[in-house]
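**Student:** Got a structure for you, questions after.
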Amino acid sequence: MFNQSPLRSSFVVLSFLLAIATSKTEAQTNFPSTREIASGPFQPTWESLAAQYQCPEWFRDAKFGIWAVYGPQCQAEDGDWYARGMYLQGSRQNKFHVEHYGPPSQFGFKDVIHEWKAENFHPDELLAFYKKSGAKYFLAMANHHDNFDLYDSKFQPWNSVVIGPQKDIIGLFAKAAHKNGLRFGVSVHASHAWTWYEPAQSADKTGALAGVPYDGKLTKADGKGLWWDGLDPQDLYAQKHAPGNQKGWGWWDWDSAKGATVPDAAYIQKFFLRTKQLWDDYQPDMIYFDDTVLPLHGVTDEIGLDLAAHFYNSSIRLHGRNEAVMNGKFLSPLQRKALVYDIERGKATGILPEPWQTDTCIGDWHYDRAIFEKHKYKTAVTVIPMLADIVSKNGNLMLSVPVRGDGTIDSDEVKIVGEIGAWLKVNGEAIYATRPWKIFGEGPSTRSFEKGQFDGQRDANTKPFTPADIRFTQSKDGKTIYAIVLGWPTNGISLASLGKAAKLLDKPIQKIQLFGSRERIDWQQTDDKLLILQPKKQPSDTAIVFKITMNI
């Protein structure tokens, strides 16, 4: 959807090289001009990465992770992309901002950051709850398109240790993850700030402040005597360039036909150094890039390839083997061998040969109070079948649970996550450390699907699953098959895939159990089906799981 044609990509790369040659960078920093990466077997080419990378077992076994897209845009509790929407006069977020904070020409996003204190941020308690609720890994946002680093950044003065909460959010999350036995990851989104923040260069078009500039073009000299005295707003906004004429997603994919502008060399180098430091100092197991393929893809792939080789080689140095996971979106078959393919708010339509991941959210990525007040989150009844479908296709689910500005989650979120955890406590054997079976499932939902928002299939079907919709997983040793039934049957369960004529079973069935129940399960296998007779009691109001043990 966002990939560029070779001709368009070549044009953008040429524009980038011209910018390097002719422009003075936005800040004459003392940053190193070279990109040093860890030595090792991985070289920064697609061929080298794809030939050697193997997804680590910890990720393949984990299956379920929780993500916190937590940063200063949560302070307003008004949903996604607040730091952009507040500068779009007449938009919902602009109206909210004017009402609660004042006009953006007088109170910009930098000032929202200043107000954000994260006063009730207790990551140990939060991650203990996520651990109890079945998560095996935890991801924390390290920066968003707002360009604000949530760690002790050496290369971005606008960071959470210096400004706002004055806390090392990533460091505290990492410590809490390790304490609770969770694998830890980070997400990085800041490559897009150059174009995403361009509305901050504008001004109201109508009203009493028409033509009065917003704060996107302010410089260090403008802060004398103010709270941000000594800081350069351009380190945050990166707007010392003429704005493009963005159309739709032009800010995302660097497509000049959609009005995107090309970042300069200093911006690109700064992004590299910030991201490398994040990996080196906090040593996460996983890094998720919110980009098409790699950061700055369409301008240059060199940055992303250098980072991938560095992450993998440094992981080998740290662990004796590569334990690193690096996510990318919209990947070609070759690229899916080099990175772990991620489908945002979607899922695969069938079993993929390489492990992959769905990233989705129960609401908006950044906290939106209206979703809570209207009780509009995805419920556990929606998430659990989604998880079963994803795992049956060789995937993991990374579920974002929005965090309020103060660092807490609300009562609806506690209930939803707790219910997911309660189901996993009973049925987790069919999820964790499993592998796809020969087919992912059967039933109406395997024959048609709804297109996803970005890629693949929609994450949560609008049509409800039925008792005829089954998803299969198997144990690593192949001795056990798990049949996950995505609705409560009323007349038994008929599994055509396990009939004798299907010839998908290598061994005869020895016994069948229903998780969460002590009753005896009766069954009959014929040529055309395996019929599991109707259980008397319903152990779950979502999916139920039958453990089918083979006679080895």
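The values are calculated or read from the model by the stated rules, or taken from the named source; none is laboratory data. Not measured: the values here are computed from a predicted model. We place every Cβ from the backbone using ideal geometry, glycine too, and count neighbours over all the protein chains shown. For accessibility, only protein heavy atoms count, side chains too; no ligands or nucleic acids. Shrake-Rupley method; radii C 1.70, N 1.55, O 1.52, S 1.80 Å.
**Student:** Taking 25 Å as R0, compute the FRET efficiency from the Cβ-Cβ separation of Tyr432 and Glu354 and round it to 0.05.
**Tutor:** For Tyr432 and Glu354, the calculated efficiency is 0.85.
**Student:** Give a quick list of trypsin sites (Lys or Arg not before Pro) in the range 414-471 that DSSP marks as loop, anything other than H, G, I, E or B, with at most 11 other Cβ atoms within 10 Å.
**Tutor:** Sites meeting the loop and neighbour criteria: Arg447.
**Student:** Points 7 angstrom from Cα along the Cβ direction at Lys132 and Val414: gap in nanometres?
**Tutor:** Those two pseudo-labels are separated by 1.0 nm.
**Student:** Can you give the accessible area of Asp222, probe radius 1.4 Å, in Å² rounded to 10?
**Tutor:** Estimated to the nearest 10 Å², Asp222 gives 80 Å².
**Student:** State the Cα centre-to-centre distance between the range 451-474 and the range 312-381 in whole Å.
**Tutor:** 17
**Student:** Okay, moving on. Only Cα pairs under 8 Å and at least 6 apart count here; give the relative contact order of the range 383-479 as a rounded whole percent.
**Tutor:** 35
**Student:** Right, another one. Taking the Cα centre of each part, how many Å lie between the range 499-552 and the range 263-311?
**Tutor:** Cα centres, the range 499-552 to the range 263-311: 48 Å.
**Student:** Determine which lysines satisfy two conditions relative to Lys537: a Cα distance under 17 Å, and not lying fewer than 8 residues away in the same chain.
**Tutor:** By straight Cα distance, Lys537 reaches Lys547.
**Student:** Then there's this: Any idea what angle helix 6-22 forms with the longest principal axis of the chain, computed on alpha-carbon atoms, 0 to 90 degrees, nearest 10?
**Tutor:** Tilt of helix 6-22: around 30 degrees.
**Student:** For the range 286-350, build the charge dipole from Cβ charges (+1 Lys, Arg; -1 Asp, Glu) around the Cα centre, then report which of Gly304, Gly346, Gly328 sits farthest towards its positive end.
**Tutor:** Gly346
**Student:** How much solvent-accessible surface does Met286 expose, in Å² to the nearest 10, with a 1.4 Å probe and all protein chains in place?
**Tutor:** So the heavy atoms of Met286 present about 0 Å² to solvent.
**Student:** DSSP loop trypsin sites (Lys or Arg not before Pro) in the range 514-552 with at most 13 other Cβ atoms within 10 Å of their Cβ, which ones?
**Tutor:** Hits after loop and neighbour filter: Arg518, Arg520, Lys536, Lys537.
**Student:** Now for a different question. Show that you can apply the helix-only estimate: for the chain, add -39,500 (n - 2.57) for every DSSP H stretch of four or more residues, divide by all residues, and state [θ] at 222 nm to the nearest 500.
**Tutor:** The helix-only estimate for the chain comes to -8500 deg cm²/dmol at 222 nm.
**Student:** How much length would be gained if the chain were fully extended between Arg35 and Thr462, taking 0.36 nm per residue of separation minus their Cα-Cα distance, in nm to one decimal?
**Tutor:** 149.0 nm
**Student:** Can you compute the FRET efficiency between Asp124 and Leu209 using 1/(1 + (r/R0)^6), with r the Cβ-Cβ distance and R0 = 41 Å? Round to the nearest 0.05.
**Tutor:** Here the calculated transfer efficiency is 0.35.
**Student:** Given the Cα-Cα distance of Asp477 and Thr526 and 0.36 nm per residue of separation, how much length would full extension add, in nm?
**Tutor:** Result for the pair: 15.1 nm of gain on full extension.
**Student:** On to the next question. Lysine pairs, Cα distance under 25 Å, 8 or more residues apart or cross-chain: how many in the range 355-438?
**Tutor:** 8
**Student:** Roughly speaking, to the nearest percent, how much of the chain's 1.4 Å accessible area is carbon and sulfur?
**Tutor:** Of all accessible area on the chain, carbon and sulfur atoms account for 52 percent.
**Student:** Between the alpha-carbon centers of the range 214-237 and the range 40-103, tell me the distance in whole angstrom.
**Tutor:** After rounding, the separation between the Cα centres reads 25 Å.
**Student:** Skip the ligands, DNA and RNA, and give the accessible area per residue of the range 406-552 with a 1.4 Å probe, whole Å².
**Tutor:** 50
**Student:** Report the residues of the range 414-429 in range of a label on Gln513: point 7 Å along Cα→C-beta, backbone N strictly under 15 Å from it.
**Tutor:** Under 15 Å, as judged by backbone N against the label point of Gln513, lie 425-429 of the range 414-429.
**Student:** Moving to a separate point now. Please enumerate, by chain and number, the lysines with C-alpha under 27 Å from the C-alpha of Lys240, excluding those fewer than 8 residues away in the same chain.
**Tutor:** Reachable lysines: Lys24, Lys95, Lys110, Lys154, Lys205, Lys217, Lys220, Lys224, Lys258, Lys270, Lys276.
**Student:** So if I place +1 on the C-beta of Lys and Arg and -1 on the C-beta of Asp and Glu, and nothing else carries charge, what would the dipole magnitude of the chain be about its Cα centre? I want it in debye, nearest 20.
**Tutor:** I would put it at about 1820 debye.
**Student:** Using a probe radius of 1.4 Å on heavy atoms only, what accessible surface per residue do you get for the range 135-226? Whole Å² is fine.
**Tutor:** Per residue, the range 135-226 has 35 Å² of solvent-accessible surface.
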